[in-house]
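Comments concern the structure below.
The values are calculated or read from the model by the stated rules, or taken from the named source; none is laboratory data. Note that the structure is predicted; figures quoted are calculated from it, not measured. Here the Cβ positions follow ideal geometry from the backbone for every residue, glycine too, while neighbour counts run over all protein chains shown. The area values use the complete protein model at the heavy-atom level, side chains included, leaving out ligands, DNA and RNA. Shrake-Rupley method; radii C 1.70, N 1.55, O 1.52, S 1.80 Å.
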Amino acid sequence: MFGSDGRLRLYNSAFAAIWCLTPKLLDAEPHVDEVTAWCSLLYDAPEEWERTRAIVTSIVAERRSYDSQFDRPDGTVLACAALPLPDGGTLLTFSDITDSKRAERALIEKNEALETTDRLKSDFVSHVSYELRTPLNSMLGFAQMLAEPAFGTLNDKQREYVDDILSSGNTLRAIVDDILDLATIDAGSLRLQLAPVHVSSIIEAAKQGVEERLKQNDVRLDIEIEDGVDEVVADASRVTQILYNLLSNAIGFSEPNSVARLTCRRDGAMIAFSVADEGPGIPEDFQDTVFDRFESRTQGSRHRGAGLGLSIVKSLAELHGGTVTVESAPGQGSRFTVRLPLKQDMEAPETETDPMRAKQAG
């Protein structure tokens, strides 16, 4: 605190410590000019100290308070405030806010890093879409041409090789599609195209997507739709994708000559889709991680996969404002249930689609 004559009257140890001043200097009641000169050795800012001297020595009746913040070259961040007192004196405070400022800057830097990561994700999606899917589609196209009788008859071994190329290529394309979907969701660029859709049409589209797999695995699909369940407000293609992934998972874990069941019913204000299989089931200690990415356990079945299908189901269900649960026990099969709101606000922006990719069920 400075008196009306501009001399230091009171100070505390924190002020002395912040500016590295000794009690011997400060106890002598130095003038504000001397104090600011000493402080300028640590922070050389003539404009700052001129303002301090002006408020302390001014004889104007209406002196105005002020506050400021500055970084010293030694890394210390100080908050300064000057307050005129009724007796003509001036109260000057300095607060060391270095730690809080560092935390604030760390949060800003982290946010900038997250924004950079989101941009990288978007770049990754575009890059993979073009650089990986385009040559993969070309390979599959040539393999399909080789399989056509018009291009010549293949012997048994050649036919086996071509079928392996097509099977492996389609599997790889499905994995790439799943990764692109997850990257798009993580980047926050996926927007649902909400509209009233018929439940039967969604289920039929998902069924068509797995028909070939049902034949290959010799699994029968039973479908049951509760009476009165007709429409739901949702993104038809994404709900079809949810059901397709659940059915693919059920078929993969089913034994030959078994049955997979798809049921649809009303559950309060929600619609519930359930897919059940007669497979080996999931141990209780594995059920908490079944929706994690790249979690793939065969449980003694022939099923092989990258472990992305159920993760996509969870992400798309939550994007709709819904949930997904699993009920299972070893030797008793598994039942996955997705609950989605029957009605939603349809003023959602359109999905940001990739022009290089045509989304199809299956």
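Arg102 fulfils the conditions (1) surrounded by fewer than 13 Cβ atoms within 10 Å (Cβ to Cβ); (2) touching a residue at least 40 places away in the same chain (Cβ under 8 Å) except for a single criterion, (2). Would you confirm whether any residue within the stretch 232-255 is within 26 Å of the chain's Cα centre (by Cα), in a loop (DSSP other than H, G, I, E, B) and in contact (Cβ under 8 Å) with a residue 12 or more places away in the chain? Yes; the residues of the stretch 232-255 include at least one that is within 26 Å of the chain's Cα centre (by Cα), in a loop (DSSP other than H, G, I, E, B) and in contact (Cβ under 8 Å) with a residue 12 or more places away in the chain. Scan the stretch 46-103 for residues that are at negative phi and outside any helix (DSSP H, G or I) and the total you get is 38. Among the residues making up the stretch 105-163, those that are closer than 30 Å to Asp71 by Cα and not small (Gly, Ala, Ser) are Arg105, Leu107, Ile108, Glu109, Lys110, Asn111, Glu112, Leu114, Glu115, Thr116, Thr117.
Inclusion of Leu136 among residues that are open to solvent by 90 Å² or more (accessible area, probe 1.4 Å), within 30 Å of Ile185 (Cα to Cα) and either part of a helix (DSSP H, G or I) or out of contact with any strand residue (DSSP E or B) (no Cβ under 9 Å at 6 or more places or on another chain) (or both) is not warranted. Given (1) within 17 Å of Thr337 (Cα to Cα); (2) at pLDDT below 85; (3) open to solvent by 50 Å² or more (accessible area, probe 1.4 Å), identify the lone condition not met by Gly309. Answer for Gly309: the failing condition is (3). Put simply, of Glu224, Glu160 the only residue that is farther than 30 Å from Gly321 by Cα, of a type in the set (Asp, Glu) and open to solvent by 80 Å² or more (accessible area, probe 1.4 Å) is Glu160. Residues that are in a loop (DSSP other than H, G, I, E, B), within 20 Å of Gly321 (Cα to Cα) and either touching a residue at least 40 places away in the same chain (Cβ under 8 Å) or acidic (Asp, Glu) (or both) within the stretch 256-284 comprise just one, Ala269.
Looking across Leu166, Leu192, one residue alone is under 24 Å from Gly309 (Cβ atoms), at pLDDT 85 or above, open to solvent by less than 90 Å² (accessible area, probe 1.4 Å) and not in a helix (DSSP H, G or I). It is Leu192.
When residues in the stretch 169-189 are screened for being of a type outside the set (Ser, Thr, Tyr) and more than 11 Å from the chain's Cα centre (by Cα), 12 of them pass.
Inclusion of Met270 among residues that are over 19 Å from Leu221 (Cβ atoms), over 22 Å from the mean Cα position of the chain (by Cα), at pLDDT 85 or above and of a type in the set (A, V, I, L, M, F, W, C) is warranted. Of note, Leu42 satisfies the criterion of being of a type in the set (A, V, I, L, M, F, W, C), in a loop (DSSP other than H, G, I, E, B) and in contact with a Lys or Arg (Cβ under 7 Å, 6 or more places away or on another chain). Only residues that are in contact with a strand residue (DSSP E or B) (Cβ under 6 Å, 6 or more places away or on another chain) and charged (D, E, K, R) were counted in the stretch 204-220, giving 1. Residues that are open to solvent by 50 Å² or more (accessible area, probe 1.4 Å) and either assigned to a strand (DSSP E or B) or closer than 18 Å to Cys80 by Cα (or both) within the stretch 15-33 comprise Ala17, Cys20, Asp33, listed in sequence order.
Can you name every residue in the stretch 79-99 that is open to solvent by less than 30 Å² (accessible area, probe 1.4 Å) and farther than 19 Å from Tyr11 by Cβ? Selection gives Thr98 alone.
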